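The values are calculated or read from the model by the stated rules, or taken from the named source; none is laboratory data. Not measured: the values here are computed from a predicted model. Virtual Cβ from ideal backbone geometry, glycine too; neighbours counted across all protein chains shown.
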Amino acid sequence: MRVLEGRVARKQFVRIMSISILLAASTAFGAVEPECKEWFGRSKLKKGDSKCFMACSTLSVDLGTYFCTDRCDELCRPQVDCYQYRSALEKSFSDQAPDKWLEPSEKSRPWNSSEKKLVAAAILKLPRSLVEKSIFKIHRMSVGKLKTNQASTMNNSIALYDAAFSSPVPLERVLGHELAHVFWNGMSVTDRKRYEIAANWIRDINGDPTFGRDPKTATEIDGTLMPTEDFANNVEYLLFDPLKLKKLTPSLFGWFRTTLGAKFELGGECAQSNLKSE
Ligand SMILES: [Zn+2]
């Protein structure tokens with residue numbers, strides 16, 4: 001759950017989900033010479049970026065890389081098919097309320113195309129590993145029971161409320177938090193246990209969790225209530241305010257970097273792509 005002001009306890013929605021990979025990576029990159037890959041890598045240009053080809057074509061070359069500007073087309077091509085990626089994403093939108101939604105008083109409404117575009121663009125900025133790891137549905141709900149609530153997640157259903165579209169908090173941050181809940185739900189029991197150990201959660205004899213760290217190390221206070229909330233808050237901060245996470249809990253920051261990889265960051269290679277129909 002993500003709210004504009006204050007945070008509230010949320011129920012635990014834990015369900016082990018099957019992991020599915022939405023897309024297969026393209027293999028077109030294989031033909032490029034290693035020296036050109038290295039030359040391109042040094043440039044810090046981003047694959048899939050609309051300015052990549054032009055910038056690549058004007059990069060300086062030397063005797064060992066003089067032919068590399070001829071490889072810019074392949075070097076700048078995203079390693080995923082962004083059209084396919086976005087098309088798969090579009091299938092995640094649902095006009096219905098999720099089954100057995102936690103708040104029966106909350107009503108769904110149909111998506112309009114501009115909202116869908118905003119949401120898709122926001123998700124494309126997030127790390128693909130966060131998005132592709134799970135199957136999820138995004139539902140458009142009107143006003144949340146708690147009016148300032150921007151989004152909620154139950155199992156693999158994410159509800160976005162009106163507040164998500166009028167908030168100063170960027171949509172990608174709201175969605176990053178909710179997708180972290182879905183990600184958590186898809187993690188194995190063992191992986192969740194690993195997180196709980198790293199984050200110093202203690203389970204009592206009944207299996208109920210207690211926050212074992214100093215509460216001041218929580219990125220958000222509602223993270224002290226439940227491991228899934230702690231995890232979602234920390235993934236959100238890892239993406240949007242990593243320095244704060246690092247400062248509050250350096251060891252957990254290190255755990256995230258080791259577990260999710262240094263490339264778990266904003267700026268997906270399809271972030272600037274458009275659907276052909278647009
Ligand atoms: Zn949450």
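Below, the figures for the structure above:
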item: Unique residue being within 14 Å of the ligand (Cβ to nearest atom) and over 25 Å from Glu132 (Cα atoms) when the list is Ile158, Ile221, Ile202, Ile197; result: Ile221
item: Count - residues of segment 61-102 that are at pLDDT below 90, over 30 Å from Asn155 (Cβ atoms), touching a Ser or Thr at 6+ places or on another chain (Cβ under 8 Å) and not basic (Lys, Arg); result: 3
item: Any hit, segment 207-226, residues being closer than 21 Å to Phe136 by Cα and either of a type outside the set (Phe, Trp, Tyr) or not in a loop (DSSP other than H, G, I, E, B) (or both); result: no
item: Hits in segment 35-58 - residues which are farther than 23 Å from Cys270 by Cβ and buried (at least 16 other Cβ atoms within 10 Å of the Cβ); result: Trp39
item: Hey, Val189 more than 13 Å from the ligand (Cβ to nearest atom), β-branched (Val, Ile, Thr) and touching a residue at least 24 places away in the same chain (Cβ under 8 Å) or not; result: yes
item: Selection from segment 207-239 of residues that are in contact with a Pro (Cβ under 6 Å, 6 or more places away or on another chain) and within 24 Å of Glu172 (Cα to Cα); result: Thr224, Pro227
item: Any hit, segment 47-55, residues being of a type outside the set (Gly, Ala, Ser), in a helix (DSSP H, G or I) and touching a strand residue (DSSP E or B) at 6+ places or on another chain (Cβ under 9 Å); result: no
item: Qualifying residues in segment 139-154 (those that are crowded, with 19+ Cβ neighbours inside 10 Å and within 15 Å of the ligand (Cβ to nearest atom)) - the one farthest from Tyr237 (Cα to Cα); result: Gly144
item: Some residue of segment 213-232 being in the same structural domain as Phe136 (by TED's automatic domain parsing) and in contact with a Gly (Cβ under 7 Å, 6 or more places away or on another chain); result: yes
item: Residue in segment 173-189 that is surrounded by the fewest Cβ atoms within 10 Å (Cβ to Cβ), counting only those that are modelled with pLDDT of 95 or more and not hydrophobic (A, V, I, L, M, F, W, C); result: Arg173
item: Residue that is surrounded by the most Cβ atoms within 10 Å (Cβ to Cβ), among those in segment 224-241 that are more than 9 Å from the ligand (Cβ to nearest atom) and β-branched (Val, Ile, Thr); result: Val235
item: Spans of strands (runs of 3 or more DSSP E) in segment 105-195 with at least 3 residues among the charged types (D, E, K, R); result: none
